[in-house]
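Just below is one structure, and these are the notes that go with it.
Every read-out reported here was derived from the displayed coordinates using simple, explicitly stated rules and does not represent laboratory data. It should be emphasised that the depicted structure is a prediction, and the values quoted were computed from it without experimental measurement. We place every Cβ from the backbone using ideal geometry, glycine too, and count neighbours over all the protein chains shown.
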Amino acid sequence: MEAPRTSRECPVLKTFEIEVRQTVKVTLDESKFTEPFMEEFRAHFFPFYDVEDHAKHIAQLTAREVADFGHNRHEFVEGYGPIGDFGIRAEVTDTEMEVL
């Protein structure tokens, strides 16, 4: 039989390393990403030079659940304003997890 732990013994902790892969579908109105908008965005946020950079950014915000680009068309997202104005929609379409 195992001896009972004293209050000074540390619990045995197990650490897991998990790889999580998500696929995010992003739809946006390219015509809203004008050069003046892109310049303003670069000046205050990130050095994005094309719409694909924005799509990747929106995808990671969606994957991390920082913003809801799905049903709330009035949600305000820093750098974009109300997302409905940009025609932005994003949704996680697949998630895979693997213990490494």
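Numbers for the structure displayed
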read-out	value
FRET efficiency, 1/(1 + (r/R0)^6) with R0 22 Å, evaluated for Val66 and Thr34 via beta carbons	0.35
Mean projected area (nm²) of the alpha-carbon convex hull when the chain is viewed from all directions	11.2
0 to 90° range, to nearest 10: angle between helix 35-44 axis and the chain longest Cα axis	40
Relative contact order [Cα under 8 Å, 6+ residues apart], the chain, whole percent	43
His74 paired with Gln22, simple spin-label distance in nm, labels 7 Å along Cα-to-beta-carbon	2.5
Surrounding net charge for Arg73, when Lys and Arg each add one and Asp and Glu each subtract one, Cβ distance under 15 Å	-3
Label-point gap, in nm, between Glu96 and Arg8 - each point 7 angstrom along Cα→Cβ	5.0
Residue-count net charge about Val51 - beta-carbon cut-off 13 Å; Lys, Arg +1, Asp, Glu -1	-4
